Amino acid sequence: MTNRSGLHSTSIAARQPVFRRWNWLAYASPVRFDPLARKLAPWFGVAALLFLAAGLYVGFVVAPTDAQQGEVYRIIFLHVPAAWMSMFIYLVMAGYCALALVLRTRLSSMMASALAPTGALFTAIALWTGALWGKPTWGTWWVWDARLTSELLLLFLYLGFIALESAIEDPRRAERACAVLAVVGVVNIPVIYFSVQWWNTLHQGASISLTAAPSMAMTMLLGMLLMTLACWMYSICVTLIRVRCIMRERADDDHNLSTPA
């Protein structure tokens, strides 16, 4: 049987399941996303270990000693990827929160909740490694520098998100309150990124730019990128694992709320 366009209707029907398979919007449902997360998490975990091993080897063994800072510069192979991920994860978290507010998708709220602890971890690592680098370089563990202060504020935003979610018993109210906090707090991200340009700070400028050649040896750049990929793969892995736990917790909460006492 053919339609007006000359295409066989049977062939269209046969091709419809193929299109449905690629309909990624279907995975907005926690029920459908759960098995996908279960399958993908181990692969991202393995990728994180491989990139971590390669990044540590290149950064701490292959990369040459810096002419000005000596061996202490190798902290950047931990510090810079952690700082990048702290900002990137917050942007992703705020994006999920915005989707939750606009579209009211519960999986978006769950993904934001799953991302927050990892973002807080990377922010703490960025601050800690920054202090380790600052002591021999600046002569002090901490200064109220614009970059450092705004990064510390980012840590408070992550911790505030986690604390607010725990303080509100009703999961739906907690989701909305945390979403508003995350979306409002996103204004801090450009402050962190552009702080070295907007103010006279002790923190050095960016060594990598999309509009200019990197101001470091290619071996150093390779080590930093490998460590960044390791952090990225780790973030995806633990987020997928954590969101599956959150799905089960909130499913139990919804069941308890709907069950009469």
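Rounded to two decimals, the Cα radius of gyration of the stretch 36-170 over 2.2 N^0.38 Å is 1.26.
Sequentially through the stretch 111-116, phi angles give Karplus couplings (6.51, -1.76, 1.60; θ = phi - 60°) of 5, 4, 5, 6, 7, 4 Hz, Gly and Pro residues having no value and appearing as x.
Projected label points at T149 and T219, each 7 Å from Cα along the beta carbon direction, are separated by 4.0 nanometres.
Here, each number is a calculation from the coordinates, and none is a lab measurement. Not measured: the values here are computed from a predicted model. Cβ sites come from the backbone with ideal geometry, for glycine too, and all protein chains shown count toward neighbours.
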